[in-house]
Amino acid sequence: MKNVPIVTDCRYKGLNPVQFGSESCDPSHSFGPAVRTHWLLHYIVSGFGEFTREGVTHQLGPGQIFVIPPYLETYYEADKIRPWNYIWIGFTTDEPLPEAFSQPVISCPEAGELFNEMLSCSSRDNGRSAFLTGCLWKLMSILLEQGKSSPDYIDQALACIHSEYMQGITIKEIARRLGLDRCYFSTLFSKRLGISPCEYLVNLRLSKAVELMISHGEKPSIAAASVGYEDLYHFSKIFKKHYGASPRAYKKMHSGSS
């Protein structure tokens with residue numbers, strides 16, 4: 001039995017679903033050899049079968065995903081005795097995909113719940129494509145987590161700094177979130193970037209303050225508050241030490257330079 005809801009190609013940027021369906025295959029049901037013009041993933045819910053890609057045949061079962069890239073010839077066939085039941089989704093993308101997509105087969109039982117969630121798209125009309133897009137991003141998250149052997153503390157710290165510098169985030173708080181001793185974290189950070197995390201945070205805040213004052217005409221007090229400095233005097237002191245002039249004097253010297 002096959003279920004294939006209509007999926008409208010909305011040409012979304014990023015991940016764009018173009019087809020979706022599920023099927024409880026008959027014994028020895030096969031498809032191909034053939035090529036697709038988009039990415040196609042089949043998640044095996046139950047049963048067994050074989051998948052051939054680039055001349056190599058893989059015997060597959062529940063919890064595995066077989067990956068069909070665009071314009072690559074593939075063939076797949078259900079088992080004669082215990083044919084598979086799978087859910088598939090096809091999509092186009094302009095995004096770099098997780099490394100797992102370079103492999104013909106992905107073992108990912110934890111994705112089963114998500115693929116079953118995708119089945120509810122049949123009850124959606126106007127929002128079907130958007131719903132499946134969200135599911136694809138969730139799948140990317142699962143595969144990225146699965147493929148990451150250890151956390152990259154510095155990448156996480158940089159992401160935290162750049163997203164929260166305006167909210168008064170501290171290096172102590174970042175180290176706490178990462179579960180690291182502050183001194184150890186500072187050593188890792190300095191070794192990677194050649195600058196301490198405290199210096200990096202200050203430089204980022206001050207450069208953003210300059211941008212607000214020079215490019216957007218904001219007052220020093222507004223710029224200070226917008227980059228995480230509640231105390232204007234403290235901001236002015238740090239700014240003058242860094243740039244050799246007070247925020248007000250610096251703005252006056254560079255007015256019109258943007």
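The values are calculated or read from the model by the stated rules, or taken from the named source; none is laboratory data. All figures in this text were calculated on a predicted structure; none of them were measured in a lab. Here the Cβ is made from the backbone with ideal geometry for all residues, glycine too, and neighbour counts use every protein chain on show. What goes into the accessible areas is simple: the full protein's heavy atoms, side chains included, and nothing from ligands, DNA or RNA. Shrake-Rupley method; radii C 1.70, N 1.55, O 1.52, S 1.80 Å.
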*Filtered residues of region 124-150 (kept if at pLDDT below 90 and hydroxyl-bearing (Ser, Thr, Tyr))*: Ser149, Ser150
*Name every residue in region 87-113 that is in a helix (DSSP H, G or I), closer than 16 Å to Val67 by Cβ and out of contact with any Gly (no Cβ under 9 Å at 6 or more places or on another chain), in order of residue number.*
Phe101, Ser102
*Would you check which residues across region 223-258 are surrounded by 14 or more Cβ atoms within 10 Å (Cβ to Cβ) and among the hydrophobic types (A, V, I, L, M, F, W, C) and list them?*
Ala223, Ala224, Ala225, Val227, Leu232, Phe235, Ile238, Phe239, Ala245, Ala249
_Members of region 192-222 found to be at positive phi and open to solvent by 60 Å² or more (accessible area, probe 1.4 Å), listed by number_ = Gly194
_Any residue at all in region 13-29 that's of a type in the set (A, V, I, L, M), touching an Asp or Glu at 6+ places or on another chain (Cβ under 8 Å), open to solvent by 70 Å² or more (accessible area, probe 1.4 Å) and touching a residue at least 24 places away in the same chain (Cβ under 8 Å)?_
no
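Residue by residue, here is whether (1) over 25 Å from Glu117 (Cα atoms); (2) among the aromatic types (Phe, Trp, Tyr); (3) in contact with a strand residue (DSSP E or B) (Cβ under 8 Å, 6 or more places away or on another chain) holds:
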position	(1), (2), (3)
Val4	no, no, yes
Pro27	yes, no, yes
Ser30	yes, no, yes
Ala34	yes, no, yes
Glu54	yes, no, no
Gln59	yes, no, yes
Gly63	no, no, yes
Glu73	yes, no, yes
*Do we have Val4 as more than 25 Å from Glu145 (Cβ to Cβ) and open to solvent by 30 Å² or more (accessible area, probe 1.4 Å) here?*
yes
*Quick one: Ile195 ticks every box in (1) part of a helix (DSSP H, G or I); (2) more than 11 Å from Ile154 (Cα to Cα) except a single one, so which number is it?*
(1)
_Test of understanding: among Leu136, Leu119, which residue is of a type in the set (A, V, I, L, M), within 30 Å of Tyr86 (Cβ to Cβ) and surrounded by fewer than 18 Cβ atoms within 10 Å (Cβ to Cβ)?_
Leu119
*Are any residues in region 1-35 assigned to a loop (DSSP other than H, G, I, E, B), closer than 24 Å to Ala130 by Cα and out of contact with any Pro (no Cβ under 6 Å at 6 or more places or on another chain), and if so, which ones?*
Val4, Pro5, Ile6, Thr8, Asp9, Cys10, Arg11, Tyr12, Lys13, Gly14
*Could you please let me know if Leu136 is within 30 Å of Glu110 (Cβ to Cβ), in contact (Cβ under 8 Å) with a residue 24 or more places away in the chain and in a helix (DSSP H, G or I)?*
yes
*What number of residues within region 87-102 satisfy the criterion of being surrounded by 15 or more Cβ atoms within 10 Å (Cβ to Cβ) and polar (S, T, N, Q)?*
2
*Before we move on, is Ser163 more than 27 Å from Leu193 (Cα to Cα) and either assigned to a helix (DSSP H, G or I) or in contact with a Leu (Cβ under 6 Å, 6 or more places away or on another chain) (or both)?*
no
*Could you tell me which numbered condition Ile169 fails, if it satisfies all but one of (1) in a helix (DSSP H, G or I); (2) touching a Cys at 6+ places or on another chain (Cβ under 7 Å)?*
(1)
*Out of the residues in region 46-86 that are open to solvent by 50 Å² or more (accessible area, probe 1.4 Å), among the β-branched types (Val, Ile, Thr) and assigned to a strand (DSSP E or B), state the one that is nearest to Glu23 (Cα to Cα).*
Thr57
